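Okay, structure first, notes after.
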Amino acid sequence: DSGVTQTPKHLITATGQRVTLRCSPRSGDLSVYWYQQSLDQGLQFLIQYYNGEERAKGNILERFSAQQFPDLHSELNLSSLELGDSALYFCASSVRWTGELFFGEGSRLTVL
Amino acid sequence: QKEVEQDPGPLSVPEGAIVSLNCTYSNSAFQYFMWYRQYSRKGPELLMYTYSSGNKEDGRFTAQVDKSSKYISLFIRDSQPSDSATYLCAMRLNTGNQFYFGTGTSLTVIP
């Protein structure tokens, strides 16, 4: 158990819909990262937050947005969903001083 | 050119074999190097974390970093069927926030 909690574990929805994925980082970790992993694909970096502020942006679509709340949990919002958005979405948190990155178990999104 | 290159495999070895997994990278400023193990449909699990050059050993796992060649390796001794997974390398700079991942090598250890 990495200490990073993600909900929901599985989500099935239809095209055009909107979903919210939630992440609670490890206790004490201020940084949260979001990654997308499609079938047989590598990890694609989406976005990073540090203590409530956006710090880095990767290949995140305009239909996607994220935020980190004062209690440090983070949410990834995916809207106008398309079939190609079906993937595993991982949240990771980074240890403040050493920079080690720990992943949650992921949220599996299926868009039908 | 990708920042991090990793042979996707698949790699298949008999139980008990020594496994060598490798990544090359292009940015000589990378300072932190990581190896993750990912079982199917699970989150990546941090196996090894090293800073700069040298070796690090943890049980059956040894991580090597050769900064002069921009090459990192993960060795698994006495491989077990439970080692069957995808192994991802990752690295980052001394400053900044971004991690750079390889695409992963799929390993199967045959009993």
For the range B:13-111, which strands (runs of 3 or more DSSP E) that fit wholly inside it have 2 or more residues that are farther than 30 Å from A:P25 by Cβ, more than 14 Å from chain A (Cβ to nearest Cβ) and touching a helix residue (DSSP H, G or I) at 6+ places or on another chain (Cβ under 8 Å)? B:105-110
So in the range A:83-100, with the set limited to residues that are part of a loop (DSSP other than H, G, I, E, B), in contact (Cβ under 8 Å) with a residue 40 or more places away in the chain and out of contact with any Lys or Arg (no Cβ under 8 Å at 6 or more places or on another chain), which one is surrounded by the fewest Cβ atoms within 10 Å (Cβ to Cβ)? A:R96
Pull up the range A:1-28, narrow it to residues that are over 16 Å from B:L46 (Cα atoms) and modelled with pLDDT under 95, then point me to the one that is surrounded by the most Cβ atoms within 10 Å (Cβ to Cβ). A:G28
How many residues does the range B:1-33 contain that are hydrophobic (A, V, I, L, M, F, W, C) and either without any contact (Cβ under 8 Å) to a residue 60 or more places away in the chain or over 27 Å from B:I110 (Cβ atoms) (or both)? 4
Taking A:F45 as the residue in question, decide whether it is surrounded by 15 or more Cβ atoms within 10 Å (Cβ to Cβ), in contact with a helix residue (DSSP H, G or I) (Cβ under 9 Å, 6 or more places away or on another chain) and under 18 Å from A:T20 (Cα atoms). no
Filter the range A:69-100 down to residues that are farther than 22 Å from B:R92 by Cβ, within 14 Å of chain B (Cβ to nearest Cβ) and over 17 Å from the mean Cα position of the chain (by Cα), then give me how many there are. 0
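The values are calculated or read from the model by the stated rules, or taken from the named source; none is laboratory data. Predicted model, so just to flag it, every value in this text is computed and none were measured. Please note: Cβ atoms are built from the backbone with ideal geometry, for glycine as well, and neighbour counts cover all protein chains shown.
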